[in-house]
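Q: Sharing a structure here in structure tokens format.
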Amino acid sequence: MTTTSDDSTRSLPGRPPVVDLATWQAARDELLVREKAHTREADAIAAARRRLPMVELDGTVEVVGPDGPVPFLDLFQDRDELVAYQHMWYDGALHQGQCEGCTTTVWHMKDAVYLNARGVSFAVLTTGRWEEVARYVEFMGYAQPWYSVRGLEAPIGGQMGHVRCFLRDGGRVFLTYSTTGRGNEPVNGSLGLLDMTPYGRREGWQDDPEGWPEAPEVGAPVGGHGAPICWYWRSDADGAASWGPTSRPVPQWTRPGAAPEETLGRHGHH
């Protein structure tokens, strides 16, 4: 049986061909073979990740949190493992001027109970001054612990925008793993769900069939050119994708008191 739709009532800019259930199932089963291979390869990569060597760090180095300076070792909260997200920071920026990519990552980690149940703690590290960071954390309503690592060298400080994993052996601390670039994506479950939909993320790099909808023309991101890769990470007060001066990282519009401003607040960008 072939299912059809009334094209007179709605016309999408591009859509998959309409077929009967048996034809769809055959195509789905063919793709499943590739998906299973992808899953097995991901498992093999995870196994190789567990076999990486590690680097010992000074666990007594102090980071600054709500209770003032504390040794990095305290972030483990007496657990053996720690996952830290290193949040980029713009000094002196208004809330809406902070990193939208880091916002989407941290927003998806509101609760670490499943990590905690496996003996893993979670924390957010950033190079911002604690006074600024504390105001931002309060505005966003984040419940996970944040710490300023300002002035510290990598891998605890330094360049931000990564997930890093650490292991504790008594009073000794070791770096075991660090992501790069799109390696942060597993934290953002929304991206995985979008990848399952017909139109995906609607980003410029996608391999789409002819006629598929393109990403909206929302202007250039700060510091970049052309259509932004993740245009839906930032919007204006009406929910329209925008990288303009009155836009915010999307989750910020859910926070009490969020309102448009005249600038992103990043030094050198207006």
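The values are calculated or read from the model by the stated rules, or taken from the named source; none is laboratory data. The shown structure was predicted, so the numbers you read here are calculated from the model rather than taken from an experiment. Every residue, glycine among them, receives a Cβ derived from its backbone with ideal geometry; neighbour counts consider all protein chains shown.
Q: If you check every pair at least six apart or on different chains, which have Cβ atoms under 8 Å apart with a residue in the stretch 19-44 that is among the aliphatic types (A, V, I, L, M) and surrounded by 10 or more Cβ atoms within 10 Å (Cβ to Cβ) first and a residue that is at pLDDT 95 or above and not in a helix (DSSP H, G or I) second?
A: Ala27/Val19
Q: Do the conditions hold for Thr105, that is, is it closer than 19 Å to Arg266 by Cα and under 15 Å from the mean Cα position of the chain (by Cα)?
A: On the way: closer than 19 Å to Arg266 by Cα: no; under 15 Å from the mean Cα position of the chain (by Cα): yes.
Answer is no for this residue.
Q: Quick one: in the stretch 188-219, of everything that is among the charged types (D, E, K, R) and loosely packed, with under 12 Cβ neighbours inside 10 Å, which residue is farthest from the chain's Cα centre (by Cα)?
A: So the residue we want is Glu210.
Q: Within the stretch 47-63, which residues are surrounded by 10 or more Cβ atoms within 10 Å (Cβ to Cβ) and assigned to a helix (DSSP H, G or I)?
A: Result: Arg49, single match.
Q: Moving on to the next point. Among the numbered conditions (1) at pLDDT below 95; (2) over 26 Å from Ala48 (Cα atoms), tell me where Tyr147 comes up short.
A: (1)
Q: Same structure, new question: Which condition number in (1) more than 26 Å from the chain's Cα centre (by Cα); (2) among the aromatic types (Phe, Trp, Tyr); (3) closer than 26 Å to Trp231 by Cβ is the one that Trp24 fails?
A: All conditions pass for Trp24, except number (3).
Q: Here's a check for you: in the stretch 150-163, which residue that is closer than 19 Å to Val70 by Cα and touching a Leu at 6+ places or on another chain (Cβ under 8 Å) is surrounded by the fewest Cβ atoms within 10 Å (Cβ to Cβ)?
A: If we take residues in the stretch 150-163 being closer than 19 Å to Val70 by Cα and touching a Leu at 6+ places or on another chain (Cβ under 8 Å), then Gly158 is surrounded by the fewest Cβ atoms within 10 Å (Cβ to Cβ).
Q: While we're on this one: From Pro198, Pro249, grab the single residue that is at pLDDT 90 or above and farther than 20 Å from Cys102 by Cβ.
A: Going through Pro198, Pro249 in turn, just one is at pLDDT 90 or above and farther than 20 Å from Cys102 by Cβ: Pro198.
Q: Val33 versus (1) part of a helix (DSSP H, G or I); (2) under 26 Å from the mean Cα position of the chain (by Cα): which is the lone unmet condition?
A: All conditions pass for Val33, except number (2).
Q: Would you confirm whether any residue within the stretch 64-82 is in the same structural domain as Gly151 (by TED's automatic domain parsing), of a type in the set (Lys, Arg), under 20 Å from Gly141 (Cα atoms) and surrounded by fewer than 18 Cβ atoms within 10 Å (Cβ to Cβ)?
A: No: zero hits.
Q: Filter the stretch 114-154 down to the residues that are within 20 Å of the chain's Cα centre (by Cα) and of a type in the set (Phe, Trp, Tyr), then identify the one that is nearest to Gln252 (Cα to Cα).
A: Here the answer is Phe139.
Q: Further question on the same structure: So Asn116 clears everything in (1) at pLDDT below 95; (2) surrounded by fewer than 19 Cβ atoms within 10 Å (Cβ to Cβ) except one condition, right? Which one?
A: Every condition holds for Asn116 apart from (1).
Q: More than 17 Å from Tyr147 (Cα to Cα) and not polar (S, T, N, Q): which single residue out of Val106, Val18, Val61, Val70 fits that description?
A: Being more than 17 Å from Tyr147 (Cα to Cα) and not polar (S, T, N, Q) holds for just one of Val106, Val18, Val61, Val70, which is Val18.
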